[in-house]
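Heads up, the thing below is written out as structure tokens.
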Amino acid sequence: MDTKIDNSTAKRATGSRLKIIALAGFLAIFAAACAAGDSGASGAAGPNGGIPISDSAAFDLPVTIISANSINDGETTLGELIDGDKPVLLWSYAAWCPNCAREAPSIDAFAAANPDVQVIGVGSLDSAQNSVGFIRNTGVQNSVMVWADDNGALWSQLGFSGRTENLVVSPDLMERFNPNLGGFRIDEVTAQLTALA
């Protein structure tokens, strides 16, 4: 029996291991923050108290619109989904995250009470199928829900750190507020939205 392993097989195995280790590290950080429900401060630097968006590449990445009844209600990008007339509240969720599930009804109630704000849930770090279950289990009806990816790439480009977070963005996608870390705090979100009005 030949126990030699060719070079390309060894390189692929090493590359796969490194990807798994990197993903596991990101998931561990997200899970710890999700379980802890950490809080953080939001920053301010732009004309309305937000941060100018100099690279809008995140808004060009593909997302899939999902619902309680469908794993695919259409392919689009965040930029195409955002209507341009309303400020936007983006919120991160993972189907397995208990804090995300706990906050989803409050965020959805905020969406229902504030039709002048476009509220979009951005799912990652799981599967689209499990995200459909998340929508069913939490009763989300007033937020537009999208599935981004299974590795947190879009979250990273949006500035999410891997915690339960929400991000306020101007209608023209030119200014944003740092993500509100560790949960949905209606007073901070309202102040940020008011600054963009």
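Bridges between two residues of region 51-196, per DSSP, are antiparallel at a rate of about 60%. Size descriptors for region 51-196: radius of gyration and Dmax over Cα atoms are 13.6, 37 Å. Sorting the segments 145-155, 69-79 by their residues' average number of neighbouring beta-carbon atoms within 10 angstrom, most packed first, yields 145-155, 69-79.
How high is the FRET efficiency between residue 61 and residue 127 when r is their beta carbon distance and R₀ equals 22 Å, given to the nearest 0.05? So, using R0 = 22 Å, E works out to roughly 0.80.
How many percent of the alpha carbon pairs in region 57-138 exceed a separation of 18 Å? Don't skip to the answer; put the middle values down first.
Working: 1430 of 3321 pairs.
Tail of the P(r) past 18 Å holds 43 percent of the pairs.
What separates the Cα centres of region 135-166 and region 170-197 is a distance of 16 Å.
FYI, it's all coordinate maths here, none of it is from the lab. Please read all numbers here as calculations on a predicted model, not as lab measurements. No Cβ is skipped: glycine too gets one built from the backbone with ideal geometry, and neighbour counts run over all protein chains shown.
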